[in-house]
1. Name the pairs whose Cβ atoms lie under 9 Å apart, with the first residue in region 113-127 and farther than 18 Å from SER57 by Cβ, the second assigned to a loop (DSSP other than H, G, I, E, B), and 6 or more positions between them or separate chains?
2. Could you look through region 76-101, keep only residues that are closer than 18 Å to SER35 by Cβ and among the acidic types (Asp, Glu), and pick out the one that is modelled with the highest pLDDT?
3. Do we have SER35 as touching a Ser or Thr at 6+ places or on another chain (Cβ under 8 Å), loosely packed, with under 14 Cβ neighbours inside 10 Å and of a type in the set (S, T, N, Q) here?
4. Answer yes or no as to whether ASN67 is within 17 Å of TYR117 (Cα to Cα) and surrounded by fewer than 17 Cβ atoms within 10 Å (Cβ to Cβ).
Amino acid sequence: MKKMILYATGVLIVVFFLIQLIPYGHDHTNPPVLSEPQWDSPQTRELAVRACYDCHSNETRWPWYSNIAPVSWLVYYDTVEGRSQLNFSEWEQGGRGEGVDEILEVLDEGEMPPFLYLIMHPSARLSDEELRAFRNGIANSR
């Protein structure tokens, strides 16, 4: 039994090191910021940066664990997917648009930030008062 546990542990260690060679999830370049919303206040922008920017902007902060597979795969996928849904760094100027309505809906339903993100980033958790201020700020930003 002890021999089998040692063998299984060895196999897991080898697999762990081999998956580090898979290139997916290692591109941590941030594209340039093209445009941002016309924020209604600095507070709204600060709340967006704190709670949203890692996945929804071109100003992602890539933590150390974003370099270690398989976590790097999840972080990279979430960032690419988040940017494709909403990117504060590629904001279309000139009006509210559908994007703001979607943001308000997601906020009202409590879907963002996701639970797993909040585990590793507790500072992204907005209090009820901050959430209200952020929601109102988003509604008034262009």
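The values are calculated or read from the model by the stated rules, or taken from the named source; none is laboratory data. Everything numeric here is computed off the predicted structure, so don't read it as measured data. Every residue, glycine as well, gets a Cβ built from its backbone with ideal geometry; the counts of neighbours run over all protein chains shown.
1. Within 9 Å, the pairs are ARG125/PRO113.
2. Across region 76-101, the extreme among qualifying residues is GLU90.
3. Values: touching a Ser or Thr at 6+ places or on another chain (Cβ under 8 Å): yes; loosely packed, with under 14 Cβ neighbours inside 10 Å: yes; of a type in the set (S, T, N, Q): yes.
When the stated conditions are applied, SER35 passes them.
4. yes
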